[in-house]
1. Restricting region 37-79 to residues that are polar (S, T, N, Q) and in contact with an Asp or Glu (Cβ under 7 Å, 6 or more places away or on another chain), which is nearest to residue 283 (Cα to Cα)?
2. Scan (1) in contact (Cβ under 8 Å) with a residue 60 or more places away in the chain; (2) exposed (fewer than 14 other Cβ atoms within 10 Å of the Cβ) for the single condition residue 316 breaks and write down its number.
3. Being within 30 Å of residue 108 (Cα to Cα) and over 23 Å from the mean Cα position of the chain (by Cα) is the filter here; which residues of region 372-404 pass it?
4. Checking residue 404 against (1) surrounded by 13 or more Cβ atoms within 10 Å (Cβ to Cβ); (2) more than 30 Å from residue 128 (Cα to Cα); (3) of a type outside the set (S, T, N, Q): exactly one of these is not met. Which one?
5. Could you give every pair whose Cβ atoms fall below 9 Å, whose first residue belongs to region 101-118 and is under 15 Å from residue 153 (Cα atoms) and modelled with pLDDT of 95 or more, and whose second residue is among the polar types (S, T, N, Q) and not in a strand (DSSP E or B), counting only separations of at least 6 or pairs across chains?
6. Give me a count of the residues in region 337-357 that are closer than 21 Å to residue 376 by Cβ and either under 23 Å from the mean Cα position of the chain (by Cα) or buried (at least 21 other Cβ atoms within 10 Å of the Cβ) (or both).
7. Which of the residues that make up region 1-38 are in contact (Cβ under 8 Å) with a residue 24 or more places away in the chain, farther than 30 Å from residue 385 by Cα and among the basic types (Lys, Arg)?
Amino acid sequence: MSEEERLRTELYGKITELYQKRGKARFEPGKTLIRYCSPIFDDQEVNAAVESLLDGWLGVGKAAAKFEEEFCKYVGTTKLVLTNSGSSANLLAVSAAANHNGFKISKGDEAITPAMTFPSVINPLIQNGIKPVLVDSEIGKYAISTTEMEKALSERTKMVMLPHMMGNPCDMDFITEFCEENNLLLVEDSCDALGAEYRGKKTGTFGELGTFSFYASHHMSMGEGGAVATDDEEMEPIVRSFRDWGRIGAGQYMYNHIGYNLKPIDLQAAMGLIQLKRLGWFVKKRRENFKTLYEGFKAMERYFMLPQATKKSEPSWFGFPLTIRDDAGFKRDELSDFLWKANIENRPLLAGNIVDQPAYRKADMKVIGNLKNSEKVMHDGFFIGLYPGIDEEIIKYVVSKFKEFLAKQ
């Protein structure tokens, strides 16, 4: 063993020792902050990151290549481009689709997408000159309304931009058939839904392009990070080109696209390879926590619309979403304030109805119908955490605090 190898081994050992001494923090009801989500990692990820740093290369390298290979195996696709965030993944996917000769997408063409969404779903459409056509979603499932999708179809429709909100898959039987019949490109945003399945097939693999996020609050984490998956051999180099300044291939100064620099660093990929090994347990624990929370909230169905899995699906829940009923007798802000005082984090359901957000009031969009469900969720929807760091003791406390609030109504 060389001197460097000995020092590295000693360093890795010290990091492991530190994490072992830390142990698990004890939960103190009312004092411990119950987060809506938090990354789960330990000495293995830290040692992988340190090893990557010590190897002396910060750009995209061998860990990124290995991660792309291993992640493809997990989701069941053939090509993957690692990027620096899920938002970047969506931008790359839409930019690549808009510049792929086979799809013939022109400025002013339309993409069907839900109004109940997150900004990074709709922004790439606007940024590429594609008009978002906004349709309503279903409360409880938080999935795009298939009935409204049919109403949104026009001669300029070229794409469906489809987020699997809160980790619950959309009706992929209908959507894949709808896209095939109308010759529409399907981009799946699976950033909230890593590990979710429909008919045993992972979300993010039904369309021409699928996107994923590895942000700190998501199912697995690199701190920041994302990926674009595809089975289209012509599409993958376009996505990679847009990620790498528009460059043709690595190491060349030839550019065939007006691209970006949206690369991650190898340190993130090194952490991601360890996280990927844990992902099966992460998803399993989220499903278990969802089930435990659901059982706890069944007695409160008088006040809340409870989440529902799409038929034929196995969700990978991002959080536990709830929508307050019209006749509940209280407002969301009242409940939210009470929960925060009990140290229970809660969040609105992402952007709610995107039409109501200030940035989009003058955006070139088309709205189908009255978006009544999206509007309802905007004002009365929220979610609480179920990430793997939450156990049954914490869930019992959370449920008890909800019941305490309702008893005062």
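The values are calculated or read from the model by the stated rules, or taken from the named source; none is laboratory data. Just so it is clear, the structure is predicted and the values come from calculations on it, not from any experiment. Here the Cβ positions follow ideal geometry from the backbone for every residue, glycine too, while neighbour counts run over all protein chains shown.
1. As a first pass, look at region 37-79 and keep what is polar (S, T, N, Q): 38, 44, 47, 52, 77-78.
Narrowing the set further to residues that are in contact with an Asp or Glu (Cβ under 7 Å, 6 or more places away or on another chain) leaves 52, 77-78.
On the way: 52: 27, 77: 19, 78: 22 Å.
Taking the candidates together, the pick is 77.
2. (2)
3. Hit for region 372-404 is 372, nothing else.
4. (1)
5. 110/154; 114/145; 114/374
6. Counting residues in region 337-357 that are closer than 21 Å to residue 376 by Cβ and either under 23 Å from the mean Cα position of the chain (by Cα) or buried (at least 21 other Cβ atoms within 10 Å of the Cβ) (or both) gives 12.
7. Of region 1-38, the ones in contact (Cβ under 8 Å) with a residue 24 or more places away in the chain are 8, 11-12, 15-16, 18-19, 27, 29-38.
Imposing the further condition that a residue be farther than 30 Å from residue 385 by Cα reduces the set to 8, 11-12.
Within region 1-38, 8 is the sole residue that qualifies.
Residue-by-condition table, conditions (1) among the hydrophobic types (A, V, I, L, M, F, W, C); (2) under 30 Å from residue 145 (Cβ atoms):
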residue: 317; (1), (2): yes, yes
residue: 321; (1), (2): no, yes
residue: 327; (1), (2): no, yes
residue: 358; (1), (2): no, yes
residue: 383; (1), (2): yes, yes
residue: 396; (1), (2): no, no
residue: 399; (1), (2): yes, no
